[in-house]
Amino acid sequence: MTSKRLFVGAEAVLEELDRLSDVEDSDESYDSVFEAAFAAREDPDFDAVISSDDEEPVLSGRKRCRPLPVTHDPTPTPLGETSVSTTRVRCRQSRGKSQAGRHDDGETNGWHDVTEEDVDPDLPNFTPKRPPGPQILMSSTYSTIQLFQLFFTTSVIDTIVRNTNKYASKMSAAGKKFQWVPLTAQEFSSYLALVIYMGLVNAKTIVDYWAKKTLYNFSFPRSVMSRPRFQAISWNLHLCDVEKDEQNSRKKGTPDYDKLFKVKPLYTDIVQSCQTYFQPNKHLSVDERMVASKARIGLKQYMKDKPTRWGYKLFVLADSISGYTWNFFVYEGKNSMATGKGLSYDSVMTLMNFPLLGIGYHIFMDNFYTSPTLFLDLFEKKTLACGTIRANRVGFPKTKTNDLSKKAQRGTIRWLRQGKLLFVKWRDTREVAMCSTIHKAYVGETVNRRVKNAEGEWRIQQIPVPTAVKEYNKYMGGVDLSDALIGYYNVLHKTRKWYKTLFFHFLDIAAVNSFILHQELSKSQKTKPMTQKTFRETLVSELAGIATQPIPAPPEPFAAGAACSSTTSSTTSHCIPQYFSTDATNKRRQCVVCKRQGIISKTPVFCSGCGVALCFVSSRNCYKEWHQDGDGHT
């Protein structure tokens, strides 16, 4: 039999779709007809062939597809009209698109509801490398400065002091109009004390802390350091070696250029200390953190969904219970860590230090990170994961069988398991999709919600909730808790230098992590911990070299001329407090009373009769204490 050849037109396609509407497996018939139609429009060598039952359709210029049994249309074709053959064609190439809703054994699978029982997942035991908690002597007593120095170590401070002096000398030689006095480690500790103090007491500008106006008149900053000296240290603060920094700058534009070289000495030490002195508990969370900045530099990122939209992006791994920042890294750009699996995959794998963590950890993340590929790779490393997931992720089930409808009632659950992966949909005020390798689909848990009944009255109703959703809400907030602790007393200052912004943030991380260690120690020793405000106040005092013990009230009102005790009144007629210099910032000496108590404190005041340096300020009167104890001039 001769075959008539014609091009497929739009009218013929629409007519054929109507004829195939009642045919079994109509979706695939539609796909075959549309495939033929678009092929005819795009491929001039394609001809749709009208054939009889004993003839096989021929697709010119395309791969041959397997023909299916012919279905005849009982309606005769009107005279003078032509139609596309009702032979259904299914290409093998399209079969792989419907694998998302199948089990590992290949059987098709739709969504299940709570009436169908899920299997209990086989989970690895939680075996961390070290006992969870602080990795210090839990029976010992640590001061705030000792905990802080676990992160800002003596070697780190010495490195910053050395590099700051080098940079300041270079700027001074270049003609900068300031007089630089070499910085010491003790003076830098006082500088850190003022920076943390400024997070506790907020003023509009740096100058206000030294202002003598009645509205300000802060006595503490003036007692620690002069304003010109504080600003000189801030201007010349440098974290890395000057010569090596210049060598790195010459590599700009090449693959060897290190964008974060200016912060590397402190950056690497802080990360290492965070991982050394704390072993996370079983539950971890991953999220981004923005450090506010509007500097014009390529490291700056924009995130519209964050409270801080412009700044430097950090990826953070935190303990879900305490908020301890265990690991983090600064995002340098999309080309810095590309492995072909996406930024979300790479960031999680970078944060997870598997040899140091151990196995059996549960990590929680939001839909930016969650993907079946990541979860399966984590499971191979015996790390379990749970998180919200986007429906357009590769590997998310595409089946619509028994899917959650848009009009489903609040508390409706649908679940689907693919091997180790559990996918859950839950209707709350909106639809929530979860993926987990930890949980069973539903174990009978409920959650309270306020709903309005038919009479318009609000009442509490218990609705079913998947375990994955409940634990996600409980353990996902580790990074948010860390951000909140940092945000309460943020030390961040406005600066034109991007690396100084990160320096202030690293200082915040050290302060918050040391505070969390203090909380864990107090819990272990069953003592009442300090609040973060009190902890920072104590830390400021110890960094500045100020005795934190309250000064006992004198037995009688203190009067001028009564500085010396009666036992030394005959020999202390020449004991008068004087300054070493007309400038209180120069020629400061260590106070002998503070030194005897193990505190490092420098003062510009000395006793003219005794010849010793003594603190003589409102917060501490070592001058009076020295003479009342009988240590005065004899």
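The values are calculated or read from the model by the stated rules, or taken from the named source; none is laboratory data. These numbers were taken from a predicted model, which means no experiment stands behind them. Note that each Cβ is placed from the backbone with ideal geometry, even for glycine, and that neighbours are counted across all protein chains shown. Note: accessible area is taken over every heavy atom of the protein model, side chains too, but ligands, DNA and RNA are not part of it. Shrake-Rupley method; radii C 1.70, N 1.55, O 1.52, S 1.80 Å.
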Checklist outcome for this item: Within region 605-620, the count of residues that are buried (at least 20 other Cβ atoms within 10 Å of the Cβ) and under 22 Å from Glu187 (Cα atoms) comes to 6
Item to check | The one condition in (1) in a strand (DSSP E or B); (2) over 21 Å from Phe503 (Cβ atoms) that Gly323 fails to fulfil | outcome: (1)
Checklist entry - From the list Arg449, Arg410, Arg430, which one is open to solvent by 30 Å² or more (accessible area, probe 1.4 Å) and within 28 Å of the chain's Cα centre (by Cα)? => result Arg430
Next on the checklist: Just checking: which of the strands (runs of 3 or more DSSP E) contained wholly in region 377-435 hold 2 or more residues that are more than 16 Å from Phe364 (Cα to Cα)?
Outcome noted: 413-418, 421-427
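Consider Phe329 carefully, then state whether it is open to solvent by less than 30 Å² (accessible area, probe 1.4 Å) and either within 16 Å of Asp508 (Cβ to Cβ) or of a type outside the set (Ser, Thr, Tyr) (or both). I'd like the intermediate steps shown before the answer.
Details: open to solvent by less than 30 Å² (accessible area, probe 1.4 Å): yes; either within 16 Å of Asp508 (Cβ to Cβ) or of a type outside the set (Ser, Thr, Tyr) (or both): yes.
Yes, satisfied.
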Checklist outcome for this item: Here the residues within region 130-171 that are part of a loop (DSSP other than H, G, I, E, B), in contact (Cβ under 8 Å) with a residue 40 or more places away in the chain and not polar (S, T, N, Q) are Arg130, Pro131, Pro132, Ile136, Met138, Tyr142, Leu150, Phe151, Phe152
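Does Lys306 count as in contact with a strand residue (DSSP E or B) (Cβ under 8 Å, 6 or more places away or on another chain), assigned to a strand (DSSP E or B) and free of Cβ contacts under 8 Å to residues at least 40 places away in the same chain? Lay out the reasoning, then the answer.
Numbers: in contact with a strand residue (DSSP E or B) (Cβ under 8 Å, 6 or more places away or on another chain): yes; assigned to a strand (DSSP E or B): no; free of Cβ contacts under 8 Å to residues at least 40 places away in the same chain: yes.
No.
What tally of residues in region 448-471 results from selecting those that are free of Cβ contacts under 8 Å to residues at least 60 places away in the same chain, under 27 Å from Ser371 (Cβ atoms) and outside any helix (DSSP H, G or I)?
To start, the set of residues in region 448-471 that are free of Cβ contacts under 8 Å to residues at least 60 places away in the same chain comprises 448-463, 465-467, 469-470.
Next, only the ones that are under 27 Å from Ser371 (Cβ atoms) stay: 465-467, 469-470.
With the extra rule that they be outside any helix (DSSP H, G or I), the set shrinks to 465-466.
Residues meeting the conditions: 2.
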Next on the checklist: Out of Pro265, Pro255, I need the residue that is of a type outside the set (Asp, Glu) and in a helix (DSSP H, G or I). Which one?
Outcome noted: Pro265
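Quick check, is Ala193 small (Gly, Ala, Ser), at pLDDT 90 or above, open to solvent by less than 30 Å² (accessible area, probe 1.4 Å) and more than 23 Å from Thr531 (Cβ to Cβ)? If you could, list the steps in order and put the result at the bottom.
Working: small (Gly, Ala, Ser): yes; at pLDDT 90 or above: yes; open to solvent by less than 30 Å² (accessible area, probe 1.4 Å): yes; more than 23 Å from Thr531 (Cβ to Cβ): no.
Against the criterion (small (Gly, Ala, Ser), at pLDDT 90 or above, open to solvent by less than 30 Å² (accessible area, probe 1.4 Å) and more than 23 Å from Thr531 (Cβ to Cβ)), Ala193 does not qualify.
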Item to check | Residue in region 244-253 that is touching a helix residue (DSSP H, G or I) at 6+ places or on another chain (Cβ under 6 Å), open to solvent by 50 Å² or more (accessible area, probe 1.4 Å) and farther than 16 Å from Trp498 by Cβ present | outcome: no
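Starting from residues that are among the aromatic types (Phe, Trp, Tyr) and touching a residue at least 40 places away in the same chain (Cβ under 8 Å), keep the ones in region 276-303 and report whichever is most open to solvent (accessible area, probe 1.4 Å).
First, pick out the residues of region 276-303 that are among the aromatic types (Phe, Trp, Tyr): 277-278, 302.
Within this subset, residues satisfying the condition of being touching a residue at least 40 places away in the same chain (Cβ under 8 Å) are 277-278.
Details: Tyr277: 60, Phe278: 1 Å².
So, considering only residues that are among the aromatic types (Phe, Trp, Tyr) and touching a residue at least 40 places away in the same chain (Cβ under 8 Å), the one most open to solvent (accessible area, probe 1.4 Å) is Tyr277.
When you look at Lys212, is it among the charged types (D, E, K, R), on the phi < 0 side of the Ramachandran plot and at pLDDT below 90, yes or no? Spell out the reasoning first.
On the way: among the charged types (D, E, K, R): yes; on the phi < 0 side of the Ramachandran plot: yes; at pLDDT below 90: yes.
Spelling it out, Lys212 is indeed among the charged types (D, E, K, R), on the phi < 0 side of the Ramachandran plot and at pLDDT below 90.
Please verify whether region 472-489 includes one or more residues that are in contact with a His (Cβ under 7 Å, 6 or more places away or on another chain), assigned to a loop (DSSP other than H, G, I, E, B) and buried (at least 20 other Cβ atoms within 10 Å of the Cβ).
Our first condition is that a residue be in contact with a His (Cβ under 7 Å, 6 or more places away or on another chain); within region 472-489, this holds for 475.
Then drop every residue that is not assigned to a loop (DSSP other than H, G, I, E, B), which leaves none.
No, region 472-489 contains no residue that is in contact with a His (Cβ under 7 Å, 6 or more places away or on another chain), assigned to a loop (DSSP other than H, G, I, E, B) and buried (at least 20 other Cβ atoms within 10 Å of the Cβ).
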